[in-house]
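In what follows, a structure is listed as structure tokens, so that the remarks can point back to it.
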Amino acid sequence: MTGARIVGASESPYARHPGDGVTTEWLLADAFVRVLAEAGIERGDVDGLGLASFTLAPDRAIDLAWRLGVRPRWLMDDGNGGASGIQLLQHAVRAVDAGDASTVVLLGGDRLDRNTFRSLVDNYNRATALHLASIPTGGPNALFALLTQRHMDLHGLERADYGRLVVAQRQRASRNPGAVYREPLTLDEYLAAPVIAEPLHLYDCVPVVSGADALVVKRADHGVAVAAFRAQHNRDGQDGDGLVTGLADVAEALWAAAGAGPGDMDVVSVYDDYPAMALVQLADLGIAPDPKRFLHEELESLALNTSGGQLSAGQAGAAGGMHGLVEIVTQLLGRADKRQVPAARLGVVSGYGMVLYRYGACANAVVLERT
């Protein structure tokens with residue numbers, strides 16, 4: 001275990017419809033100010049900055065550092081979506097341990113209105129622009145509808161099975177004042193929701209919001225330590241069925257390095273852009289190898305996506321890759337208020353994303369421990 005610790009985590013409140021004066025720069029700056037206050041860090045102490053954002057362009061991390069009044073010795077941009085938060089954390093921890101920086105702030109966030117999101121979807125990468133946008137497919141929902149149908153067929157699942165996960169996460173979101181969707185959701189309401197791309201209906205699709213997340217990493221005696229990192233990207237070259245991620249290849253090494261197993265985790269966060277993908281990651285990590293049994297027998301006993309996950313809290317662009325980290329760190333620091341998991345000491349966070357052509361190409365995970 002290294003000497004670097006996560007000593008602060010914060011979130012600029014997510015919003016479904018950002019105000020006219022709200023920009024991506026403003027959201028990132030707001031998260032920056034909040035996390036410094038939460039960690040008790042002065043602006044002048046910050047000498048490292050990591051950034052994940054789709055909509056800050058043409059500005060990059062150095063432009064944001066200038067506007068924030070930060071003079072970094074360590075600087076990093078990561079645009080790999082749902083995997084970006086864990087990758088930024090991996091490099092920040094190593095930078096602090098190596099002496100390349102003493103106090104690093106990691107930021108992720110975007111302002112996404114309807115037009116900005118449509119442009120992002122159509123120009124996500126070259127493969128999307130050349131082969132998908134011109135059809136048009138309607139973005140990732142159509143792709144993950146196909147993946148979800150394959151998942152249903154493989155495991156003998158029905159829509160109501162996925163609904164159990166969505167409803168459970170909405171219940172957890174009701175205790176999170178930062179979640180965009182906190183009102184109760186019943187299974188009947190889930191099943192009656194409008195079709196988006198069969199078998200996906202409204203509540204299966206992660207809601208697009210605007211917001212930002214932040215972490216502070218520095219050398220400290222107490223805080224949240226990184227027990228293990230592992231990543232495997234582009235595991236099948238987009239030639240598989242998408243029902244196994246790179247996490248399956250690295251799970252054994254992740255748990256061995258952490259000195260703990262799936263059953264030891266007090267809190268769990270998986271990247272939940274769609275219910276099927278949350279279940280795939282849980283299976284790949286060895287936490288829930290049998291999705292049907294998990295949904296019917298184990299779901300309520302697992303402290304999973306305690307913020308409500310992105311399905312209820314919202315997906316704020318590149319902040320989605322940091323949302324789970326912020327939640328698990330908040331839990332391990334004992335600062336989760338009404339949703340606090342008692343005596344939480346160990347947690348795991350997975351990252352998934354960057355739809356290359358058919359499904360996500362990036363997968364990583366980190367085991368965190370309160371010290």
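Just so you know, all these numbers are worked out from the coordinates, no wet-lab data involved. Because the structure is predicted, anything quoted here is derived from the model rather than measured. With ideal geometry, Cβ positions are generated from the backbone for all residues, glycine too; neighbour counts draw on all protein chains shown.
Where both partners of a DSSP beta bridge lie in the chain, what percent of those bridges are antiparallel, to the nearest 5?
So the antiparallel bridges amount to about 70 percent of the total.
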Name the residue, out of ASP239, ASP273, ASP47, whose mean-square fluctuation peaks in a Gaussian network model built on the chain with Cα pairs under 10 Å. ASP239
Per residue of the stretch 26-43, in order, report the coupling 6.51 cos²θ - 1.76 cosθ + 1.60 (Karplus, θ = phi - 60°) as ³J(HN,Hα) in whole Hz, putting x for Gly and Pro. 5, 5, 5, 5, 5, 5, 4, 5, 5, 6, 5, 5, 5, 8, x, 10, 8, 4
For ALA227, other-chain or 5+-apart residues with amide H closer than 5 Å (H placed, Pro excluded) are VAL367, LEU368, GLU369
Rounded to whole Å, give me the distance from the Cα center of the stretch 105-120 to that of the stretch 49-85. 13
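Between ALA127 and GLU252, what length comes free when the chain is fully extended (0.36 nm per residue of separation minus the Cα-Cα distance, one decimal in nm)? List each step's numbers first, then the result.
Values: separation 125, 0.36 × 125 = 45.00 nm, distance 3.25 nm.
Going from the current span to full extension adds 41.8 nm.
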Among (1) 54, 44, 40; (2) 68, 38, 37; (3) 59, 46, 44, only one was calculated for this model; which label is it, if the read-out is Cα extents along the principal axes in Å? (1)
Would you mind checking which residues have amide H under 5 Å from LEU49's amide H? H placed 1.01 Å from N; only 5 or more apart, or other chain. TRP74, LEU75, MET76, VAL105
Set of the stretch 132-168 residues, backbone N closer than 17 Å to the point 7 Å along the Cα-Cβ line of ASP236: 143-156
If every Lys and Arg gets +1 and every Asp and Glu gets -1 at its Cβ, then about the Cα centre the chain yields a dipole, in debye to the nearest 20, of 580
Comparing ARG335, ARG358, ARG67 in a Gaussian network model of the chain (Cα, 10 Å), the one with the largest mean-square fluctuation is ARG67
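Nearest 500 deg cm²/dmol is fine: what mean residue ellipticity at 222 nm does the chain get from its DSSP H runs of n ≥ 4 alone, each adding -39,500 (n - 2.57), divided by its residue count?
Working: 11 runs with 125 residues, N = 371.
Calculated mean residue ellipticity at 222 nm is -10500 deg cm²/dmol.
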Relative to a virtual label point 7 Å from the Cα of ASP77 in the Cα→beta-carbon direction, which members of the stretch 210-242 show backbone nitrogen distances below 12 Å? none
Contact order relative to length for the chain, counting C-alpha pairs under 8 Å separated by 6 or more residues, stands in percent at 27
Karplus-derived HN-Hα couplings along the stretch 302-316 (A = 6.51, B = -1.76, C = 1.60, θ = phi - 60°), whole Hz, x at Gly and Pro: 9, 7, 9, 6, 5, 6, x, x, 5, 5, 10, 6, x, 10, 8
Just ASP113, ASP236, ASP20 to compare: in a GNM of the chain, with alpha carbon springs under 10 Å, which one fluctuates most? ASP20
Need one word for the stretch 137-179: rounded, prolate or oblate. Basis is the Cα gyration tensor (sqrt eigenvalues a ≥ b ≥ c); a/c below 1.5 gives rounded, then a/b vs b/c decides. oblate
What share of the DSSP beta bridges in the stretch 212-371 is antiparallel, in percent to the nearest 5? 80
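First check a/c for the stretch 241-371, with a ≥ b ≥ c the square roots of the eigenvalues of its C-alpha gyration tensor; if it is under 1.5, answer rounded, and if not, answer prolate when a/b is larger than b/c or oblate otherwise. Display every interim value, and only then the final one.
Working: a/c = 1.42, a/b = 1.24, b/c = 1.15.
Since a/c stays below 1.5, the shape of the stretch 241-371 is classed as rounded.
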Return a whole-number percent for the relative contact order of the stretch 92-233, with Cα pairs under 8 Å and 6 or more residues apart as the contact set. 38
Residue by residue through the stretch 241-258, the couplings from Karplus 6.51 cos²θ - 1.76 cosθ + 1.60 with θ = phi - 60°, in Hz, x for Gly and Pro, are 9, x, 8, 9, 9, x, 4, 4, 6, 10, 4, 4, 5, 4, 5, 5, 5, 6
Scan around TYR124 for amide H atoms under 5 Å from its own, H built in the peptide plane at 1.01 Å from N, and keep only partners 5 or more places away or cross-chain. ALA129
